[in-house]
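Asks: The structure follows.
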Amino acid sequence: MSGMLLYFETAANLPTWLVVVLFSVPFFGGLLLYIYKTRHARSWRKGIFPQSLKPTEDNFLEAYLALGAKLIQLNYLDAKGKTQFINQYFNRYFAFANYNFGDSLLFSLKYPIQTKTITDWMIIHRPDEGARSQVIYFLTGLALVAGDLNTAELNFLKKINNDLGLKPENLTRILAIYAAYRSHRKETAEKKVSSSTRKTYAYDILGVRPDATPEEIKKAYRKLAKVHHPDNFATGTASQQKIAAEKFVEIQNAYESLIGK
């Protein structure tokens, strides 16, 4: 108590301007620190993904989540299933990220993002085509949770694919990968294996015509391998490497099903 009285007595003997400075610096310093700490939240409330964010695993996860929330809002059919898909996807591919899934999703649903602000940020920090296509891979899987795509969902996927600087064939390929996967699960459950069905999807995955020659099929496969081979993500994040490895398996399967025809 005596120390506090001594402090005020000392302050009373100081020049007025110095007292003002001593008391105002902590206040304004704290205010500036608060403004700096909350600048990103203010941008997000306006639907703007902060372009100054660093390309960390956590920030990419938030970008995925914001786009996922936007997609959910297009069609609330099976919203519970879509929420579970996102949570499982993040647990599988972003196992080491630090985030509060519930709070982040509710925030993104309450403050819908302007998707172009995310795709512009990703183009800067994900210059590789294969890395950017992983975003479409995630969104397509989310959209297909309730079954087939509706028009609004398909147009959303086309827009994000285009805004990420990806060709239309990229989305066609990813849709074919999911279709092949779903077909395989159904055939396995029914104990039926249709090689003709697998080949139908394989043409779309590789982006070749049904009458493509073996040379054309090999050329298409090598072209995809240059973009999507897991080795291309050796310096990437753990999530990128895992997604690339699983996606490339489908490309390999498509190639093998056609080469062996």
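Every number in this text was worked out from the coordinates using simple rules, so none of it is lab data. Being a predicted model, the structure only gives us computed values, none of them experimental.
Asks: So how much slack lies between LYS226 and ALA79, counting 0.36 nm per residue of separation and subtracting their Cα-Cα distance, in nm?
Replies: Here the answer is 49.3 nm.
Asks: Further question on the same structure: Provide the per-residue ³J(HN,Hα) series for the range 135-147, in order, calculated from phi with Karplus coefficients 6.51, -1.76, 1.60 and θ = phi - 60°, each as a whole number of Hz, with x at glycine and proline positions.
Replies: These are the phi-based 3J(HN,Hα) values: 5, 5, 4, 5, 5, 5, x, 5, 5, 8, 4, 8, x Hz.
Asks: Right, something else. May I ask which of LYS167/LYS226; LYS218/LYS242; LYS116/LYS167; LYS82/LYS199; LYS219/LYS242; LYS80/LYS167 have a Cα-Cα span longer than 27 Å here?
Replies: Result: LYS82/LYS199; LYS80/LYS167 exceed 27 Å.
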